[in-house]
Amino acid sequence: MTISALCPLDDYRDWLIQLPEPDFDELVSAAQEFFDINQALINDQQTILGELLRDEPDSPVLRWQHYPSGDVSDPDTGAMYYYHAHADGERPCDEHGHFHLFIRPEPSARFSHFVGVSVDARGAVRSLFTTNRWVTDEHFRSANDLVSLLPDAFVVNRARPSWLISRWLMMLVRLCEPHIQRLLIARDEFLGWTGEGELPVEIAEDRSKQVLSEEFIDIYAILTTVQHMGVQRYSA
């Protein structure tokens, strides 16, 4: 598995500088919305996990069960996500669980996993990661194919079970677009796959290969960087 420490903010700044004006404006809006969602949760003494589990019975999270029940899927884009937690001893000690996020080139196509979002018990993002094909039973598309679909393919416009969580995840994907690109490229490199043809079955079903790449995330450093770059860019 390829694991990196926190992404150097210089790399993120370079990516921001190269963004065309409309894309930069959209990213600033995403940063503001992500911040506003988290502030609203704090104001209500809630977390993203509290929002996720608010309609669940008062009991511990059941390991391996998907939350929300039945997952979340957008009928127009085919984008999907769900949350679950692994059993003790099968997850990092500081992880509560993680979201699995999926996209498709069109709603009728088979889904592909493009990133996992690991969170701690407070609902704070701890890392982003990719997985092997067998983990989510996905249609394994190459890094180049998935990157070409992002971030616009991950749109979940559903009022239920939680519009707030869908928006939170959508804004996170936009803010972490360069991280996700690196993770997908590292995923294919780790597997030794060029993206040509189908991923060989002996690799795709190799149970010893589960998490393939991971980056630890300081989301508030990212938000601060976007804010500072916005001030510089708009005052220039």
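The values are calculated or read from the model by the stated rules, or taken from the named source; none is laboratory data. Quick caveat: nothing in here was measured; it's all calculated off a predicted structure. All Cβ positions, glycine included, derive from the backbone under ideal geometry; neighbour counts span all protein chains shown. Remember, those area values only see protein heavy atoms, side chains included, never the ligands or the DNA or RNA. Shrake-Rupley method; radii C 1.70, N 1.55, O 1.52, S 1.80 Å.
Basic side chains Lys and Arg get +1 at the Cβ, acidic Asp and Glu get -1 at the Cβ, and with that the dipole of the stretch 131-236 about its Cα centre reaches some 660 debye. Less than 5 angstrom separates the built amide H of residue 212 from those of 130, 131, 132, all sequence-distant by 5 or more or on a different chain.
Computed on the stretch 35-108, with alpha-carbon pairs under 8 angstrom and 6+ residues apart, the relative contact order is 24 percent. Within the chain, the longest run free of GluC sites (Glu not before Pro) that sit in a DSSP loop with at most 11 other Cβ atoms within 10 Å is 91-195. Farthest towards the positive end of the charge dipole of the stretch 107-214, among the residues 186, 150, 161, is the Cα of 161, using unit charges on the Cβ of Lys, Arg, Asp and Glu.
Taking a ≥ b ≥ c as the square roots of the eigenvalues of the Cα gyration tensor of the stretch 17-97, is the shape rounded (a/c under 1.5), prolate (a/b larger than b/c) or oblate?
Prolate, because a/c is 1.5 or more and a/b exceeds b/c.
Relative to the Cα centre, the charge distribution of the chain, modelled as +1 at Lys and Arg Cβ and -1 at Asp and Glu Cβ, gives a dipole magnitude of about 240 debye.
Both the radius of gyration and Dmax for the stretch 174-236 are 17.4, 55 Å, in that order, over alpha-carbon atoms. Note that the stretch 91-104 has calculated 3J(HN,Hα) couplings of 8, x, 5, 9, 9, 7, x, 8, 8, 10, 10, 9, 9, 9 Hz, one per residue in order, obtained from phi through the Karplus relation 6.51 cos²θ - 1.76 cosθ + 1.60 (θ = phi - 60°); glycine and proline are x. Normalised by the number of residues in the chain, the mean separation of alpha-carbon contacts (under 8 Å, six or more apart) gives a relative contact order of 26 percent.
Taking all protein chains as shown and a probe of 1.4 angstrom, residue 63 keeps an accessible surface of around 90 Å².
For residue 46, no residue whose modelled amide H falls within less than 5 Å of its own remains once neighbours fewer than 5 places apart on the same chain are excluded.
Could you tell me the distance between the Cα centroids of the stretch 92-116 and the stretch 182-211, to the nearest Å? For the stretch 92-116 versus the stretch 182-211, the Cα centre distance is 16 Å. Solvent-accessible surface of the stretch 110-168, taken per residue with a 1.4 Å probe and all protein chains present: 38 Å².
Of the trypsin sites (Lys or Arg not before Pro) found in the stretch 102-134, those that fall in a DSSP loop while having at most 11 other beta-carbon atoms within 10 Å are 122.
Relative contact order, whole percent, for the stretch 69-109 stands at 44, derived from Cα pairs under 8 Å and 6 or more residues apart.
Long hydrophobic helices in the chain, taken as whole DSSP H segments with a C-alpha length of 15 Å or more on their own axis and mean Kyte-Doolittle hydropathy at least 0.0: 163-175, 219-235.
Computed over the alpha carbons of the stretch 104-236, Rg followed by Dmax gives 16.3, 55 Å. Remark on residue 96: its backbone amide H falls under 5 Å from those of 119, 120, 121, a criterion applied only to residues 5 or more positions apart or on other chains, H modelled at 1.01 Å from N.
Would you compute, from DSSP H runs of 4+ residues alone, the mean residue ellipticity of the chain at 222 nm, taking -39500 (n - 2.57) per run and dividing by the full residue count, rounded to the nearest 500?
Numbers: 9 runs with 98 residues, N = 236.
Calculated from helices alone, the mean residue ellipticity at 222 nm is -12500 deg cm²/dmol.
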